[in-house]
Amino acid sequence: GLPVSGAIVRANEVDGYSVLTEDNGTYELKVPVFVTSVYVTTPDHNAQVIGLVKDEKQRTALLYSNTF
């Protein structure tokens, strides 16, 4: 439930569109209209793919620790 800073958020299957999350876990990534999902990853968490919907501005990515 805590924000994750330094996570990589990138357009899935399209090179050249990526950002790092801020200290508070937020990010802003502008992608071309043909991009249908983003990939979120950090070294300490399981990766997640988030589908995108046209005109939707906010999505929450829930990352889970890869160690239990």
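The values are calculated or read from the model by the stated rules, or taken from the named source; none is laboratory data. All values derive from a computational prediction rather than experimental measurement. We work out accessible area using only protein heavy atoms, side chains counted, and drop any ligands, DNA or RNA first. Shrake-Rupley method; radii C 1.70, N 1.55, O 1.52, S 1.80 Å.
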- Item | Ranked order, 29, 52, 2 - accessible area, probe 1.4 Å, largest first | 2, 52, 29
- Message: I need the phi-derived Karplus couplings for the stretch 4-12: 6.51 cos²θ - 1.76 cosθ + 1.60, θ = phi - 60°, integer Hz, Gly and Pro marked x.
- Response: 10, 9, x, 6, 8, 10, 9, 5, 6
- Query: How much of residue 26 can a 1.4 Å solvent probe reach, expressed as accessible area in Å² and rounded to 10?
  - Reply: 70 Å²
- Output ³J(HN,Hα) for the stretch 15-29: one whole-Hz value per residue in order, computed from phi by the Karplus curve 6.51 cos²θ - 1.76 cosθ + 1.60 with θ = phi - 60°, and x for Gly and Pro. 6, x, 10, 7, 8, 9, 6, 6, 4, 8, x, 7, 7, 9, 10
- What does the accessible area per residue of the chain come to in Å², with a 1.4 Å probe and no ligands, DNA or RNA counted? 78 Å²
- Item | Heavy-atom accessible surface of the stretch 1-48: percent carbon and sulfur, 1.4 Å | 49 percent
- Query: Of the labelled options [x] 21, 54, 22, 2; [y] 23, 59, 17; [z] 21, 41, 27, 12, 0, which one gives P(r) over Cα pairs in 10 Å bins from 0, in percent as computed for this structure?
  - Reply: [x]
- Item | the chain - percent relative contact order, Cα under 8 Å, separation 6 or more | 27 percent
